[in-house]
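Worksheet: the structure to be examined is printed underneath.
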Amino acid sequence: MLIIRTGTVLTGEYAGWAIEIRDDRAGETGGYYLFLIQNESNGFDSWFELIEQLHEQISELNVRWN
């Protein structure tokens, strides 16, 4: 999976968490993954079939992109 964007969530429930977006269209699942990572042992991911779905989800977050 290709990492296409990384950053840090600035406000809200996930403030301080790392955010990573990966493109898996050429991979096993297709689509896109959104990872939110607090530390090595705490985090989660979401899968989106379409880029528009991913954009809708991240539009709700205040992120400083790297």
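A short reminder: the numbers here are calculations on the coordinates, not readings from a lab. Keep in mind it's a predicted model, so treat the numbers as computed, not measured. Using ideal geometry, Cβ is built from the backbone for each residue, glycine included, and neighbour counts are taken over all protein chains shown.
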Output the residues belonging to the stretch 5-25 that are in contact (Cβ under 8 Å) with a residue 24 or more places away in the chain and either assigned to a loop (DSSP other than H, G, I, E, B) or surrounded by fewer than 11 Cβ atoms within 10 Å (Cβ to Cβ) (or both). Leu10, Thr11, Gly12, Tyr14, Trp17
I'm trying to understand the selection: among the residues of the stretch 16-38, which are hydrophobic (A, V, I, L, M, F, W, C) and either farther than 21 Å from Glu60 by Cβ or over 8 Å from the mean Cα position of the chain (by Cα) (or both)? Trp17, Ala18, Ala26, Ile37
Across the stretch 30-64, the tally of residues that are of a type outside the set (A, V, I, L, M, F, W, C), assigned to a strand (DSSP E or B) and crowded, with 16+ Cβ neighbours inside 10 Å stands at 2
